[in-house]
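Undergrad: I have a structure here, written as structure tokens, and I will follow up with some questions on it.
The values are calculated or read from the model by the stated rules, or taken from the named source; none is laboratory data. In this text the structure is predicted, and so the values were computed from the model without any measurement. Positions of Cβ are backbone-derived with ideal geometry, glycine not excepted, and every protein chain shown enters the neighbour counts.
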Amino acid sequence: MKQSNLFESMSADELWILHEKLCAILTMKLDAGKHELERRLAQLNGRIGDEQKARRPYPKVHPKYRNPERPSETWSGRGKQPRWVGTQLRTGKKIDDLLIPRAH
């Protein structure tokens, strides 16, 4: 008996049960393959298992500049320049005008 004749002779309920079994098996095999690929990728990246590389602790950076219009807005001078700094510079102020006075 050919494969196609076998399926044609099955009832709709039997076909649906077969469909559910196939879906469950495919899901298990795909998950196992995904986990294997993730494990191999982690090995290639130099990690073992699920452990992440710990980030280096960075010291707290104190603010260096303050917005004169809103004193709560500060900037350390690192990273992307805040919008308020660009606005202040466009109005004619210099970056040194925004410096926070240092306490001695």
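Undergrad: Would you confirm whether or not the stretch 37-46 contains a residue that is modelled with pLDDT under 90 and either closer than 30 Å to PRO82 by Cβ or not in a helix (DSSP H, G or I) (or both)?
TA: yes
Undergrad: GLN81 - would you say it is polar (S, T, N, Q) and not in a loop (DSSP other than H, G, I, E, B)? Talk me through it step by step, then tell me what you get.
TA: Values: polar (S, T, N, Q): yes; not in a loop (DSSP other than H, G, I, E, B): no.
No.
Undergrad: Then there's this: Among (1) surrounded by 10 or more Cβ atoms within 10 Å (Cβ to Cβ); (2) touching a residue at least 12 places away in the same chain (Cβ under 8 Å), there is one condition LEU26 misses while meeting the rest; what is its number?
TA: That leaves (2) as the condition not met.
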